[in-house]
């Protein structure tokens with residue numbers, strides 16, 4: 001069996017406490033390992049507001065598992081995701097070399113934009129501070 005690379009995203013019920021969320025992540029890790037799926041990386045994206053309510057929930061905790069697995073193993077974990085009441089949604093996608101390259105480029109561009117934004121923000125703050133300092137100096141002193 002040849003293993004392919006996948007990203008498996010799950011949205012855990014956001015109303016759970018942090019300890020319960022960590023238990024759910026650990027349970028999913030154990031499920032993957034039990035089905036002979038190699039976990040390359042776990043990205044805890046975090047708690048986010050959902051675009052629409054799912055099972056009367058408006059918040060979810062997003063987790064991405066980067067895995068290597070034979071296609072046959074995916075059916076088992078997909079079924080387990082469906083049966084787990086704490087997992088609101090799930091999505092597993094195949095990662096091709098092109099997809100991987102696009103993802104890396106996306107994050108590189110995002111980092112560049114973020115650094116430009118931070119520079120602009122610092123520049124605006126320093127200009128504002130300089131204007132306030134100038135305004136204080138130019139105010140007439142009342143006697």
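What follows draws every value from the coordinates through simple rules; no lab data is involved. Not measured: the values here are computed from a predicted model. All Cβ positions, glycine included, derive from the backbone under ideal geometry; neighbour counts span all protein chains shown.
Considering only 33, 103, 121, give the residue with the highest GNM mean-square fluctuation for the chain, with springs between Cα atoms whenever their separation is below 10 Å. Sorting by GNM fluctuation, first place goes to 121. When Rg and Dmax are taken over the Cα atoms of the chain, they come to 23.4, 89 Å. Once the Cα atoms of helix 71-83 and of the chain are each reduced to a long axis, what angle between those two axes, in degrees from 0 to 90 to the nearest 10, is obtained? Approximately 70 degrees, to the nearest ten. Our summary gives region 1-92 a relative contact order of 46 percent, counting only alpha carbon pairs under 8 angstrom and 6 or more residues apart.
Whole Å is fine, so just give me how far the alpha carbon centre of region 23-62 lies from that of region 104-134. Cα centroid to Cα centroid, the span is 33 Å.
Tell me, what is the FRET efficiency for residue 119 and residue 26 to the nearest 0.05, using R0 = 41 angstrom and their Cβ-Cβ distance as r? E(calc), rounded to 0.05, equals 0.55. One chain, two ends: residue 40 and residue 136. Fully extended at 0.36 nm per residue, the span grows by 28.8 nm beyond their Cα-Cα distance.
Axis angle, to the nearest 10 degrees, between helix 97-138 and the longest C-alpha principal axis of the chain: 20 degrees. Applying 0.36 nm per residue to the separation of residue 102 and residue 4 and subtracting their alpha-carbon distance, the gain on full extension is 33.5 nm.
If the elastic network links every pair of Cα atoms under 10 Å, which of 59, 40, 109 fluctuates the most in the Gaussian network model of the chain? Result: 109 has the largest fluctuation of those listed.
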